[in-house]
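The values are calculated or read from the model by the stated rules, or taken from the named source; none is laboratory data. Here the structure is a predicted model, which is why all the values come from computation and not from measurement. Here the Cβ positions follow ideal geometry from the backbone for every residue, glycine too, while neighbour counts run over all protein chains shown.
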Amino acid sequence: MVFRRRDAACALAIVVALAPCARAQTPGQTPADAQALRTAIDDLKKDFEQRLSALETRLAAVEAATKQGAATPAPPAASSATQATSPALAVSPESATGASVTNAKVFNPDMAVIGNFLGAMGHPNVEPANPLRPLPSLEMHESEAAFQAVVDPYARADFFISFGEQGVDLEEGYITFTSLPGGLLTKVGKMRAAFGKVNTLHSHVLPWTDRPMVTNYLVGGEDGIDDAGISVARLIPNPWIFLEATGQVFRGDSGDLQSPLYFATERTHVSYVGHLRGYQDITESTNIDLGVSFSRGFNSAGLAADVDNLTTKLFGVDATLRWKPLQRAIYHSFVLRSEAIWSQREQLNGTQHANGFYASAEYQLGRRWYAGIRFDGSDHADNAALRDTGGSVILTYWPSEFSQVRGQYRRTNYEIGPSANEFLFQFQFSIGAHGAHPF
């Protein structure tokens, strides 16, 4: 039975009106009888107030759910005493709306868009990796759309779509299985290979406006080793350091389209990548990350002569030292990076043995300011007799964690042609929830 507020008030008035009459003693009754009657009346009032409070709570919940357009299911059948003494059975508006919000989050991935605007001034206006290609003065270099979500308790998916001024490309799109037997972490899809450090990083997380010379010359430029394939990684337990081994098999097409690093003409022309990484904390503020890499695939050097079995092999070592004091972590930090790569490229006129390196340091001056330097040099992959060197000075300002402004002075000494003195500047911004990148 449902009580309205007016009926409840009338009932309460009747009880209050009867109370004085109950206190008047009739002939033959003792004071003990009067006290017992008062106690009964008080118990009746308390019980009535509890019932009224429970019904008002249920009425408020139903009215709130009705206003929000939520359908409220009928409460289960129960005795009137249980309904009166259990207000928790009432449906709250928070539970009615919270379920829909949770379900919406489950079926929608985390989405983000990152803009990367680049500008360049100085002479000559060419790209270091390709002196014949002009470097534009201003360009929206890349806009990256990211979609990331957990597929089920055993896997997650990551998709990164790159929008350039010339077209759209799937930079990465893969599923990661985290609970396979044997402790194997497996990725399937299109992904950046685990070769060294720079090759694994998207452009917007680099500490420079450009990629080092050795990456452009020997590892396929900005695209790098980025291909469809399968990756398997496993931790190697030991009492000394964190150790991880990764093995990958790719389709065999990687690098810049005009001068690809790997080029497959048959299904058997797959490429391979292997990486061994070690990590160790030196102190509570300092850690070191070391790695060795190997890669092999078929190249396009002999296609003009109808030779398709020439290969390219890459060997690399990388080291990263980080310092970040716990008490001043948001104001000061230091990162030292270095990577060296050796290339063996088979060609019709013999094998070219080329090598290159970069070394950079970045110091955090304050909460929003970073300063860095970089030195690099590399042979040309197809002509190891040509070696270019260069250096850069970088200054970065972070207005917030969602935007960044960077300036870089770069000097490049070419083996053939005049040296280049350039000023590069970059504006980056992001919206949405973007997941963390490899550490």
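For segment 177-223, enumerate the residues that are polar (S, T, N, Q), more than 27 Å from residue 333 (Cβ to Cβ) and in contact with an Asp or Glu (Cβ under 8 Å, 6 or more places away or on another chain). Step through it out loud before you land on a result.
The initial filter retains those residues of segment 177-223 that are polar (S, T, N, Q), namely 178-179, 186, 199-200, 203, 209, 215-216.
Next cut, more than 27 Å from residue 333 (Cβ to Cβ) only: 178-179, 186, 216.
Scanning segment 177-223 gives a single hit, 216.
Conditions (1) assigned by TED's automatic domain parsing to the domain that holds residue 198; (2) among the small types (Gly, Ala, Ser); (3) surrounded by 15 or more Cβ atoms within 10 Å (Cβ to Cβ), marked per residue:
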residue	(1), (2), (3)
349	yes, no, no
354	yes, yes, yes
358	yes, no, yes
385	yes, yes, no
393	yes, no, no
398	yes, no, yes
403	yes, yes, no
408	yes, no, yes
411	yes, no, no
Scope segment 377-386; condition at pLDDT below 95 and part of a strand (DSSP E or B); matching residues:
380, 383, 384, 385, 386
Residues in segment 248-298 that are closer than 25 Å to residue 217 by Cα and either polar (S, T, N, Q) or not assigned by TED's automatic domain parsing to the domain that holds residue 199 (or both): how many?
8
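In segment 247-296, which residues are among the basic types (Lys, Arg) and under 14 Å from residue 226 (Cβ atoms)?
The initial filter retains those residues of segment 247-296 that are among the basic types (Lys, Arg), namely 251, 267, 277, 296.
If the condition is that a residue be among the basic types (Lys, Arg) and under 14 Å from residue 226 (Cβ atoms), then 251 is the only one that fits.
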In segment 301-317, which residues are hydroxyl-bearing (Ser, Thr, Tyr) and crowded, with 17+ Cβ neighbours inside 10 Å?
312
Report those strands (runs of 3 or more DSSP E) wholly inside segment 149-206 carrying at least 2 residues which are on the phi > 0 side of the Ramachandran plot, of a type in the set (Phe, Trp, Tyr) and modelled with pLDDT of 95 or more.
none
Okay, strands (runs of 3 or more DSSP E) sitting entirely in segment 214-300 with 3 or more residues that are crowded, with 16+ Cβ neighbours inside 10 Å and among the small types (Gly, Ala, Ser), I get 226-235, 271-281, 286-298
Could you tell me which residue of segment 390-421 is farthest from residue 365 (Cα to Cα), considering only residues that are part of a strand (DSSP E or B) and of a type in the set (D, E, K, R)?
411
Among the numbered conditions (1) of a type outside the set (Lys, Arg); (2) in contact with a strand residue (DSSP E or B) (Cβ under 6 Å, 6 or more places away or on another chain); (3) part of a loop (DSSP other than H, G, I, E, B); (4) within 29 Å of residue 407 (Cβ to Cβ), tell me where residue 366 comes up short.
(2)
Which numbered condition residue 432 fails, given (1) on the phi > 0 side of the Ramachandran plot; (2) under 22 Å from the mean Cα position of the chain (by Cα); (3) free of Cβ contacts under 8 Å to residues at least 24 places away in the same chain:
(3)
